[in-house]
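Take a look at the structure below.
The values are calculated or read from the model by the stated rules, or taken from the named source; none is laboratory data. The shown structure was predicted, so the numbers you read here are calculated from the model rather than taken from an experiment. Counting neighbours? That spans all protein chains shown, and the Cβs are built from the backbone with ideal geometry, glycine included. Accessible surface is based on the protein model in full, side chains and every heavy atom, while ligands, DNA and RNA are left aside. Shrake-Rupley method; radii C 1.70, N 1.55, O 1.52, S 1.80 Å.
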Amino acid sequence: MIVQDFARRKREGVPISMVTCYDSWSAALIAATDIDCVLVGDSLAMVVYGHPNTLPADVATMAAHTAAVRRGAPQLFVVGDLPFLSYRKGLEAAVEAAGALMRAGANAVKLEGAAGNLELVRHLVESGVPVMGHLGLTPQSVNLLGGFKVQGRGEAAAAALLSQARELAAAGCFALVLEAVPAELAAAVTAELAIPTIGIGAGARVDGQVLVLQDLLGITTAFRPKFVRTWLDGSGLIRDALQAYHRDVTSRAFPNGEESYR
Ligand code: KIV
């Protein structure tokens with residue numbers, strides 16, 4: 001996948017599949033499938049580091065994980081998430097942050113929200129950095145939103161989101177993540193824009209879907225949002241394998257002669 005393929009896929013009506021990816025070994029597994037692209041999301045603050053929200057992610061951490069993903073999947077289209085406040089300290093600091101992710105191996109960066117970001121989107125695109133937008137539930141604003149809640153409900157909120165989507169597209173975003181918004185609103189945004197929408201909790205009438213890898217593999221079990229489907233009982237399978245390893249170690253069934261050097 002290259003950046004031009006996003007608009008082409010929308011024109012052709014072929015949905016785009018995207019998953020989050022934070023490390024080298026899962027990147028290699030994803031690269032062996034037909035999945036179109038990965039997002040090194042700042043959700044890694046929660047999934048990998050156990051924080052209650054995405055705010056603790058910083059540029060150095062995001063760059064390190066982006067580099068790990070790139071090493072695991074040299075050919076995959078990788079989007080690096082600009083972390084909390086890294087693009088709100090002026091154009092120069094934002095360019096530095098985007099540069100760090102691109103130098104680490106990202107093909108594009110993602111940022112949350114439209115207000116105050118439009119000049120930056122234009123500047124990054126003019127500087128050779130493809131930008132993915134993100135509207136609806138923008139987790140970096142969790143304190144302002146009062147929690148991880150569905151956004152864009154009601155006429156005024158829906159109209160505001162539609163207008164922000166138009167602004168991001170006009171500023172040069174090549175795609176737009178819509179998170180936790182009513183399916184009708186996501187469909188309206190999708191019908192309006194020439195760039196593809198990638199939904200997460202945004203219903204089926206979008207141009208692609210993104211999920212957190214550990215959610216779709218059934219590895220994260222503590223909290224499962226309504227929109228998550230699991231394709232594997234990851235936590236059960238991993239627990240059983242670890243339990244079997246423990247049993248074989250404690251019973252001296254592991255290692256056997258074949259697994260030992262002579
Ligand atoms: O950080 C992330 O994983 C994201 C996706 C949920 C879209 O932004």
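Starting with the highest mean, order 253-262, 96-105, 174-183 by the number of other Cβ atoms within 10 Å, averaged over the residues of each peptide.
Going from most to least packed, we get 174-183, 96-105, 253-262.
For Lys226, give me every one of the lysines with a C-alpha distance below 28 angstrom, ignoring sequence neighbours fewer than eight places off in its own chain.
Straight-line reach from Lys226, under 28 Å: Lys10, Lys110, Lys149.
Which chymotrypsin sites (Phe, Trp or Tyr not before Pro) from segment 196-260 combine a DSSP loop assignment with at most 12 other Cβ atoms within 10 Å? Present the calculation step by step, with values, prior to reporting the outcome.
Values: sites: Phe223, Phe227, Trp231, Tyr245; in loops: Phe223, Phe227, Trp231.
Passing both the DSSP loop test and the Cβ count: Phe223, Trp231.
Within the accessible area of the chain, what % is carbon and sulfur when the probe is 1.4 Å and the other protein chains stay in place?
Solvent-exposed carbon and sulfur of the chain make up 56 percent of the total.
Accessible area per residue for segment 76-175 in Å², computed with a 1.4 Å probe and the full protein assembly in place, what is it?
That works out to 43 Å² per residue.
As an exercise, take the mean of 1/r over every pair of distinct alpha carbons in the chain, invert it, and state the Kirkwood radius in angstroms.
Final number for the Kirkwood radius of the chain is 19.3 Å.
Roughly how many Å is it from the Cα centre of segment 141-159 to that of segment 19-81, as a whole number?
26 Å
Given the peptides 131-143, 159-171, arrange them by the average over their residues of other C-beta atoms within 10 Å, most packed first. Kindly include the intermediate steps, with their values, before the conclusion.
Details: 131-143: 22.6, 159-171: 18.0.
Highest to lowest by the protection proxy: 131-143, 159-171.
Ranked from the most accessible area to the least, with a 1.4 Å probe and all protein chains present, what is the order of Ile219, Ile16, Ile2?
The most accessible residue leads, giving Ile2, Ile219, Ile16.
Using all Cα-Cα distances in segment 38-104, what percent lands in each 10 angstrom bin from 0 up to the longest?
23, 52, 24, 1
Could you give P(r) for segment 51-156, binned at 5 Å from zero, as whole percent values over all Cα-Cα pairs?
Final binned percentages: 2, 12, 22, 23, 18, 13, 7, 2, 1, 0.
Got the relative contact order for segment 153-224 handy, in percent, Cα pairs under 8 Å and 6 or more residues apart? Write out the running numbers ahead of the final one.
On the way: 88 pairs, mean separation 17.4, N = 72.
Averaging sequence separation for qualifying contacts and normalising by length gives 24 percent for segment 153-224.
Could you give the angle, 0 to 90 degrees to the nearest 10, between helix 234-250's Cα long axis and the longest principal axis of the Cα atoms of the chain?
20 degrees
Distance in nm between label sites at Ala253 and Thr221, each 7 Å beyond Cα in the beta-carbon direction?
2.1 nm
If I take every Cα pair under 8 Å that is 6 or more residues apart in the chain, average their sequence separation and divide by the length, what percent do I get for the relative contact order?
16 percent
For an R0 of 25 angstrom, estimate the FRET efficiency from the Cβ-Cβ distance between Leu242 and Asp34 and round to the nearest 0.05.
Here the calculated transfer efficiency is 0.25.
Counting only heavy atoms of the protein chains, get the accessible area per residue of segment 1-69 (1.4 Å probe) and round it to a whole Å² value.
Here the per-residue accessible area is 44 Å².
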